[in-house]
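The values are calculated or read from the model by the stated rules, or taken from the named source; none is laboratory data. Because the structure is a prediction, the values reported are computed rather than measured. Backbone-built Cβ (ideal geometry, glycine too); neighbour counts: all protein chains shown. Side chains included, ligands, DNA and RNA excluded: accessible areas come from the protein's heavy atoms. Shrake-Rupley method; radii C 1.70, N 1.55, O 1.52, S 1.80 Å.
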Amino acid sequence: MEKFKTILNIAHKQTNLGCGLVALLTAGGEQIFSTVVFRCPCSELSFLYGLVSMLVPALALLLLGYILNKRTWKLLTGVCHREAKLSCWKMLATTWVIFFQISTMALVAPSSWIAVALLNGNYFECMMTGINASAIKEHLCEKVTSPAKCTDHLHGLPCATDIIPTADRDEVLLSLRAMSQIAGWLLIASIMLCNLMLTCLGRCMSPISYLQLKFWKVYAQEENNLIDSYTSKHAKELAERNLKSFFDRKFPEPIHIPSNRDWENIS
Amino acid sequence: MEKFKTILNIAHKQTNLGCGLVALLTAGGEQIFSTVVFRCPCSELSFLYGLVSMLVPALALLLLGYILNKRTWKLLTGVCHREAKLSCWKMLATTWVIFFQISTMALVAPSSWIAVALLNGNYFECMMTGINASAIKEHLCEKVTSPAKCTDHLHGLPCATDIIPTADRDEVLLSLRAMSQIAGWLLIASIMLCNLMLTCLGRCMSPISYLQLKFWKVYAQEENNLIDSYTSKHAKELAERNLKSFFDRKFPEPIHIPSNRDWENIS
Amino acid sequence: MEKFKTILNIAHKQTNLGCGLVALLTAGGEQIFSTVVFRCPCSELSFLYGLVSMLVPALALLLLGYILNKRTWKLLTGVCHREAKLSCWKMLATTWVIFFQISTMALVAPSSWIAVALLNGNYFECMMTGINASAIKEHLCEKVTSPAKCTDHLHGLPCATDIIPTADRDEVLLSLRAMSQIAGWLLIASIMLCNLMLTCLGRCMSPISYLQLKFWKVYAQEENNLIDSYTSKHAKELAERNLKSFFDRKFPEPIHIPSNRDWENIS
């Protein structure tokens, strides 16, 4: 139990390590899923099936990323009542920056799902062979020995039917798999490039130096930990006082409870 | 024993972790159930059987979720006698909010049951091959080599009979499984989207900030724990006094017992 | 030993956990029983055998539930002499409520026995193939290749005889098993729905709030524990005094023994 907690804690502190862990877990899950559950229907349904199998789990992971992130809730809680106070522009800017940071974290899992799915190739195969446009069909089948047969029975290719000769089948499938992997690598590279650029830009615009930034990060974390312990101590005292006064019929001693205003200011 | 308690306690505190655990256990149970108990009858009964096997366990899990949640009973106990006190509208609103929160928790297990059943696909296969509408039958069989045979013996498909050629059988079953998985993924995505939207709305409307909300959550939990210990202490004292007075024929010393009114106020 | 006691104690306190444990044990017992002991006779006796194997153990479990519940005996002991005291209507109402509560607990094991037996399906198979009405026989056999043979030798089906072709046999048995499972699931769902409705109604009508109810439950349990220890202490003293006075020929010192009236009042 303790060990598990320590690992969680480290992953929480070192954002990079945490992201890596999430990406790794997603990749493993995708591999298991694609071997156990994924079966291409080899019919007109193929395109829809491949698309849904690739994108909807990624969407679910994205939503999960938002739901599990504490900062989403910290940002949202009571936002409807707070809006009037600060100057509108500054408020909006801060909100967007925080939203962008949360999104970056939430996008790790879905993008690694899609990347692994593309590198794996069978989703893309299924999707492309099920597509209905004759132009694409002809393009895929233009090099094989019997193009007409290939175009007609293209959606049956991933299921190893005997109608199309194996050599032709392999040629089309290998091409598709190659395209899929190229797309996967380009996706990975572009995501990382994008990420690097934006972080660079953000850091470059920052008014404080590296060491100072590090200091404030550590400070924020320490504050968080202390808030947790103080909160629980305070809540315990309050609960004990109230219950004692209830059972023993004494008047409760006054305890200082921070007002709504105070809470908002430290948030 | 202690370890088990610790895990239960953590799962109880961290709602997300608890939900994940419940969903995982349900998914595992569904897998075991579908391999051990589920046998498609391959007759006109198939549709009813598939439907019942998919929906009734989910209903049972939903009811179990309501029964095992303490808050259901906290909400219901004595509600018939209490109604007249508070203003009607406020009362109704609070009740609905709490009921909604309980429902959210209770829906985790059934929705994960249905989602896993759809991703698994054999319930849906059994249901659709047992359906009696000729339009659906013809639609499913329109691409195979012998459509008439397929339409007549459609309900026998999941049982590997020799009447229909294997290639045709596979084609129909793969299409059905693909539809089932598409439905499953869309269900998962829509549930998560719905959940995120509603929680966002709820948090956004909250009059207090994130840290304050956290404080009150911790307070409520501490109070709950303390109430348990105070209750048992108080009950022990009262029982001891009453029994002593019974066996020794002394008059019982007066002990303060909170009145019905007091109990209602702190509830 | 200590651990076992702790587990028993927890199961006793947490009614839900206790019920779950009983249901689980019953389900496991049913599985063992149906694989080890149950052998369908495949003759005219089948119907009776299946019916007895399914219902009589359930009846035995129901009676066992009544016998093992302390509250049954608390309710029954001396009820013939007490009847005249309280007002008749109130007395009857209380008795019925307590009887209903005991029945709820006692019904857990038999209903889970019947539910698991139906989900398992082999009791139902044996019962239905042994039934003597020709209408049912014809209905079961109407889809197979040789209906006349099937109708004549229906009761031999579960025993894998060579008279009826395997395909026909499988078809009939699968249908029967599907019916059995549908019945099982509907039974489980209806029991849970019924349970939830009745508990809701009972809780809703309760004049006291949730926390107060919890307090009185803890009180009743503490009182029970203390009564045990006080009773044994008191009985020891009394026995020692009486024996001492017998051996030493002294007059016994007077000890206060509560009268019959007192005992009745605290019951």
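Put simply, of C:ALA183, C:ALA167 the only residue that is modelled with pLDDT of 85 or more and closer than 21 Å to B:GLU44 by Cβ is C:ALA183.
Scanning the range B:161-182 for residues that are small (Gly, Ala, Ser) and over 13 Å from B:ASN120 (Cα atoms) gives B:ALA167, B:SER175. Does the range B:71-94 include one or more residues that are touching a residue at least 40 places away in the same chain (Cβ under 8 Å), more than 8 Å from every other protein chain (Cβ to nearest Cβ) and surrounded by 16 or more Cβ atoms within 10 Å (Cβ to Cβ)? Within the range B:71-94 (the criterion being touching a residue at least 40 places away in the same chain (Cβ under 8 Å), more than 8 Å from every other protein chain (Cβ to nearest Cβ) and surrounded by 16 or more Cβ atoms within 10 Å (Cβ to Cβ)), the answer is no, since none of the residues qualifies.
Of all the criteria given as (1) free of Cβ contacts under 8 Å to residues at least 40 places away in the same chain; (2) open to solvent by less than 90 Å² (accessible area, probe 1.4 Å); (3) hydrophobic (A, V, I, L, M, F, W, C), the one not satisfied by C:VAL108 is (1). Within the range B:35-57, residues that are at the interface with another protein chain (Cβ under 7 Å from one of its Cβ atoms) and under 16 Å from C:ASP170 (Cα atoms) have Cβ atoms under 7 Å from residues that are open to solvent by less than 70 Å² (accessible area, probe 1.4 Å) and of a type in the set (Gly, Ala, Ser) in these pairs: B:PRO41/C:SER175; B:PRO41/C:ALA178; B:CYS42/B:GLY156; B:SER43/C:SER175; B:LEU45/B:GLY130; B:LEU45/C:SER175; B:LEU45/C:ALA178, counting only partners at least 6 apart in sequence or on another chain.
Yes/no per residue for (1) in the same structural domain as C:LEU118 (by TED's automatic domain parsing); (2) in contact with a strand residue (DSSP E or B) (Cβ under 6 Å, 6 or more places away or on another chain); (3) of a type outside the set (S, T, N, Q):
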residue	(1), (2), (3)
C:PRO147	yes, no, yes
C:HIS155	yes, no, yes
C:SER190	yes, no, no
C:CYS200	yes, no, yes
C:GLU223	no, no, yes
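The helices (runs of 4 or more DSSP H) located wholly in the range C:127-238 that include 1 or more residues which are in contact (Cβ under 8 Å) with a residue 40 or more places away in the chain, open to solvent by less than 70 Å² (accessible area, probe 1.4 Å) and more than 10 Å from chain B (Cβ to nearest Cβ) occupy C:166-205. Taken over the range A:114-126, residues that are of a type outside the set (A, V, I, L, M) and open to solvent by less than 20 Å² (accessible area, probe 1.4 Å) amount to 4.
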